[in-house]
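Data first, discussion second: the structure below is written as structure tokens.
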Amino acid sequence: MIKTRDAVKGIVLRECIFPQDLGRVREILQGTNVFRVCEVDVALELVGDSMREGKNTDYRFIFADLDGKTAGYVCYGMIPMTDGRFDLYWLAVDRAFQGRGIASLLTGRMEERVIALGGRRVYIDTSSREPYRPARDFYRLRNYREVARLQGYYADGDDKVIFMKNISGGCSQKI
């Protein structure tokens, strides 16, 4: 287990999954009032699969614990059949812990891990629906660029918005 402590914020980052994380991920995602039931189900499936498969899983997790409680997490993984491309699948922070820099800390640590794994680009798919606006704004503030928009992908009026960031040594680069 890799654990890191951010002394300023008291946040402990860990990269292993504990049995209680399955229920906690459900609480975090449902508590945001953003994700649909089917989206929560998929996120829980990834956590469950990773718990069962251990190091053989295609999904990697970083959890942020604060005051003894899991405050948020990020799930990411290498995109099969690509050269150093990764997807950020899930990033969520409990509403009670939002505004403390946890999502930024998780994203930064994920980018460090991607670089260590030989990754050079991170892609993020998200929705164009209004409840996802804060997420889109968050990615833009962290130098992710919108590189594609698939009209009506999820449903009529709900586009798939794809963000991308070139990473190398923690710095973004233009392509």
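Taking the helices alone, the chain has a mean residue ellipticity at 222 nm of -9500 deg cm²/dmol, built from -39,500 (n - 2.57) per DSSP H run of at least 4 residues and averaged over all its residues.
With point charges of +1 on the Cβ of Lys and Arg and -1 on the Cβ of Asp and Glu, referenced to the Cα centre of the chain, which listed residue (Met78, Leu22, Leu141) lies farthest in the positive direction of the dipole? Farthest along the dipole direction, towards plus: Leu141.
Normalised radius of gyration (Cα atoms, divided by 2.2 N^0.38 Å) for the chain: 0.99. With R₀ fixed at 30 Å, the C-beta to C-beta distance from Tyr154 to Glu27 puts the FRET efficiency at about 0.80. Dipole check for the range 3-173: with +1 at the C-beta of Lys and Arg, -1 at the C-beta of Asp and Glu, and the Cα centre as origin, the magnitude is about 560 Debye. Spin-label model, Cys38/Glu15: points 7 Å from Cα along the beta carbon direction are separated by 3.4 nm.
Counting every C-alpha pair in the range 35-124, the share spaced more than 18 angstrom apart comes to 48%. Using the average count of surrounding beta-carbon atoms within 10 Å as a protection proxy, the listed peptides 19-29, 149-159 rank, highest first, as 19-29, 149-159. For the range 72-140, the square roots of the Cα gyration tensor eigenvalues, ordered a ≥ b ≥ c, give a/c of at least 1.5 with a/b no greater than b/c, which places it in the oblate category. Considering only alpha-carbon pairs that sit under 8 angstrom and 6 or more positions apart, the relative contact order computed for the range 3-173 is 17 percent.
Every number here is computed from the coordinates shown, using simple stated rules; none is lab data. Please read all numbers here as calculations on a predicted model, not as lab measurements. Cβ coordinates were reconstructed from backbone atoms using ideal geometry, including for glycine residues, and neighbour counts include every protein chain displayed.
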